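Colleague: Structure below; questions to follow.
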Amino acid sequence: MSITENYLKIRNQVPEHVTIVLACKKRTPKEVAEVIDAGASDIGENYVQEGGKMFDALGDKAYKARWHMIGPLQKNKINKALRIFDSIQTVHSCEQAADIDKRAQALGKKVSVFIEINIGEESAKSGIAAEYEAVKSLAEDISNLGSLNLEGIMTMGPFYEDPENIRPYFRRTKEIFDKIKSLNLPDTDMKYLSMGMSDSYKVAIEEGSNMIRLGTIIFGPRI
Ligand SMILES: *Cc1c(COP(=O)(O)O)cnc(C)c1O
C-alpha cells in the first residue's frame, strides 16, 4: 500500500480526538510531502538539523503542519529548533526549560512544551523520573516561565514484542497526566498525552493517549 493509503487507513481507524504525529526520521521530503497531501497535520522530527532540512525542502507545504521535536534537544540547538518547531515534546529538566524559555523570549515566541517521562526508568532513554512529585515540580517551574506553555506529557515506554506488556507503563503515565492536569496550573493547558508508536498505538489509545507518534506503520520499515 502507498503512504497515502496507509495514512488514510489508520486515520479512519483511530478515534477523531487522537492526533497522529508522523515520525519522519530517515524519510525523504517526497515521502513527507505525500503524507501532508494526504491530510497529515502534525510532523515529528528527532534531530534539529534533519528537521530543519526537511522543513526547508518542503517549502510552503511545511506550513500546513505543526512541527514537534520528539528527540532529545541539546542546549546548543535550541535557537535552531525554535525556528521550525511549534512544540518541544522532550523537556525533562527545569534547567532545560529555562534555557528554552530564555531563547524563546528573545525571539518573541511562545512555545508549546511537553514533559517527557522516562516511564520505564531505562538508562538509555531520556526523560524525567517517573515520580509524580518530580513531574509536578517541573510542571510548576514551567508554568512560571513566560514564553512556555505546558501542553502535555510524552513518553516512549520500554519496548516489548508483545505490546500488552507496555500497558501498565501507559496506565501509570496517564495517572500522572491526570494529576498534573487537575492542578490547573497557570499558563498550562494539559491537552495532550503523547504515547504510542507503530507497535503500541492501539494499547496506548485504550489507556488514554490522545496523541500517537507513527513512523513504520505509515512509511514502511526504516532502511
Ligand atoms: C521513531 C519514533 C517514533 C515512531 O516509531 P515507529 O515505531 O516507527 O512508529 C515515535 N516516537 C519517537 C520519539 C520516535 O523516535
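Colleague: Taking Asn76 as the residue in question, decide whether it is without any contact (Cβ under 8 Å) to a residue 24 or more places away in the chain and closer than 26 Å to Ala139 by Cβ. Give the steps one after another, and end with the answer.
Modeller: Details: without any contact (Cβ under 8 Å) to a residue 24 or more places away in the chain: yes; closer than 26 Å to Ala139 by Cβ: yes.
Criteria met by Asn76.
Colleague: Right, something else. For Arg222, state whether it is over 27 Å from Val111 (Cβ atoms), touching a Lys or Arg at 6+ places or on another chain (Cβ under 6 Å) and not aliphatic (A, V, I, L, M). It would help to see each step written out before you state the result.
Modeller: Working: over 27 Å from Val111 (Cβ atoms): yes; touching a Lys or Arg at 6+ places or on another chain (Cβ under 6 Å): yes; not aliphatic (A, V, I, L, M): yes.
Here the answer is yes, as Arg222 does meet what is asked.
Colleague: Still on this structure, I have one more. For the structure I just gave you, tell me whether Ile43 is in contact with a helix residue (DSSP H, G or I) (Cβ under 8 Å, 6 or more places away or on another chain), surrounded by 21 or more Cβ atoms within 10 Å (Cβ to Cβ), not hydroxyl-bearing (Ser, Thr, Tyr) and not in a helix (DSSP H, G or I).
Modeller: Numbers: in contact with a helix residue (DSSP H, G or I) (Cβ under 8 Å, 6 or more places away or on another chain): yes; surrounded by 21 or more Cβ atoms within 10 Å (Cβ to Cβ): yes; not hydroxyl-bearing (Ser, Thr, Tyr): yes; not in a helix (DSSP H, G or I): yes.
Yes; evaluated as a whole, the condition is true for this residue.
Colleague: For the stretch 169-206, what are the residues that are of a type outside the set (Ser, Thr, Tyr), closer than 24 Å to Asn12 by Cα and not in a helix (DSSP H, G or I)?
Modeller: If the condition is that a residue be of a type outside the set (Ser, Thr, Tyr), closer than 24 Å to Asn12 by Cα and not in a helix (DSSP H, G or I), then Lys191, Leu193, Met195, Gly196, Met197, Asp199 are the ones that fit.
Colleague: With within 16 Å of the ligand (Cβ to nearest atom), touching a residue at least 24 places away in the same chain (Cβ under 8 Å) and in a strand (DSSP E or B) as the only criterion, which of Ile153, Ile166 stands out?
Modeller: On the way: Ile166 fails: in a strand (DSSP E or B).
One residue alone meets the criteria, Ile153.
Colleague: Quickly run through the stretch 85-110 and pick out the residues that are under 13 Å from the mean Cα position of the chain (by Cα) and over 11 Å from Pro72 (Cβ atoms). Break it down stepwise before answering.
Modeller: Taking the stretch 85-110 and keeping what is under 13 Å from the mean Cα position of the chain (by Cα), we get 85-92.
Those that are under 13 Å from the mean Cα position of the chain (by Cα) and over 11 Å from Pro72 (Cβ atoms): Phe85, Asp86, Ser87.
Colleague: Name the residues in the stretch 127-150 that are among the hydrophobic types (A, V, I, L, M, F, W, C) and either farther than 23 Å from Asn46 by Cα or not in a loop (DSSP other than H, G, I, E, B) (or both), would you?
Modeller: Filtering the stretch 127-150 for residues among the hydrophobic types (A, V, I, L, M, F, W, C) gives 128-130, 134-135, 138-139, 142, 145, 148, 150.
Answer for the stretch 127-150, where residues must be among the hydrophobic types (A, V, I, L, M, F, W, C) and either farther than 23 Å from Asn46 by Cα or not in a loop (DSSP other than H, G, I, E, B) (or both): Ile128, Ala129, Ala134, Val135, Leu138, Ala139, Ile142, Leu145, Leu148, Leu150.
Colleague: May I pose another question? Could you tell me which numbered condition Glu161 fails, if it satisfies all but one of (1) of a type outside the set (Val, Ile, Thr); (2) surrounded by 14 or more Cβ atoms within 10 Å (Cβ to Cβ); (3) over 20 Å from Leu185 (Cα atoms); (4) within 15 Å of the ligand (Cβ to nearest atom)?
Modeller: Only one criterion in (1) of a type outside the set (Val, Ile, Thr); (2) surrounded by 14 or more Cβ atoms within 10 Å (Cβ to Cβ); (3) over 20 Å from Leu185 (Cα atoms); (4) within 15 Å of the ligand (Cβ to nearest atom) is unmet by Glu161, namely (2).
Colleague: Can you name every residue in the stretch 190-217 that is near the ligand (Cβ under 8 Å from one of its atoms) and of a type in the set (A, V, I, L, M, F, W, C)?
Modeller: If the condition is that a residue be near the ligand (Cβ under 8 Å from one of its atoms) and of a type in the set (A, V, I, L, M, F, W, C), then Met197, Leu214, Ile217 are the ones that fit.
Colleague: Touching a residue at least 24 places away in the same chain (Cβ under 8 Å), surrounded by fewer than 17 Cβ atoms within 10 Å (Cβ to Cβ) and more than 14 Å from the ligand (Cβ to nearest atom): does that describe Asp187? Working first, answer last.
Modeller: On the way: touching a residue at least 24 places away in the same chain (Cβ under 8 Å): yes; surrounded by fewer than 17 Cβ atoms within 10 Å (Cβ to Cβ): yes; more than 14 Å from the ligand (Cβ to nearest atom): yes.
When the stated conditions are applied, Asp187 passes them.
Colleague: Oh, and also: Residues of the stretch 12-27 being within 15 Å of the ligand (Cβ to nearest atom) and either not in a loop (DSSP other than H, G, I, E, B) or not basic (Lys, Arg) (or both), which ones? Break it down into steps so the answer makes sense when it comes.
Modeller: Our first condition is that a residue be within 15 Å of the ligand (Cβ to nearest atom); within the stretch 12-27, this holds for 13-14, 18-27.
Those that are within 15 Å of the ligand (Cβ to nearest atom) and either not in a loop (DSSP other than H, G, I, E, B) or not basic (Lys, Arg) (or both): Gln13, Val14, Val18, Thr19, Ile20, Val21, Leu22, Ala23, Cys24.
Colleague: In addition: Among the residues of the stretch 207-223, count how many are part of a helix (DSSP H, G or I) and either of a type in the set (A, V, I, L, M, F, W, C) or in contact with a helix residue (DSSP H, G or I) (Cβ under 8 Å, 6 or more places away or on another chain) (or both).
Modeller: Looking only at the stretch 207-223, we keep the residues that are part of a helix (DSSP H, G or I), and these are 216-219.
Cutting the leftovers down to either of a type in the set (A, V, I, L, M, F, W, C) or in contact with a helix residue (DSSP H, G or I) (Cβ under 8 Å, 6 or more places away or on another chain) (or both) gives us 217-219.
Counting residues in the stretch 207-223 that are part of a helix (DSSP H, G or I) and either of a type in the set (A, V, I, L, M, F, W, C) or in contact with a helix residue (DSSP H, G or I) (Cβ under 8 Å, 6 or more places away or on another chain) (or both) gives 3.
Colleague: Answer yes if at least one residue in the stretch 98-110 is within 18 Å of Asn184 (Cα to Cα) and buried (at least 16 other Cβ atoms within 10 Å of the Cβ), and no otherwise.
Modeller: Step one: filter the stretch 98-110 for residues within 18 Å of Asn184 (Cα to Cα), giving none.
No, because not a single residue in the stretch 98-110 is within 18 Å of Asn184 (Cα to Cα) and buried (at least 16 other Cβ atoms within 10 Å of the Cβ).
Read-outs throughout are calculated quantities, based only on the coordinates presented, and are distinct from any laboratory measurement. A quick note: this is a predicted structure, and the numbers were derived from the prediction, not measured. Note that we place each Cβ from the backbone using ideal geometry, even for glycine, and neighbour counts take in every protein chain shown.
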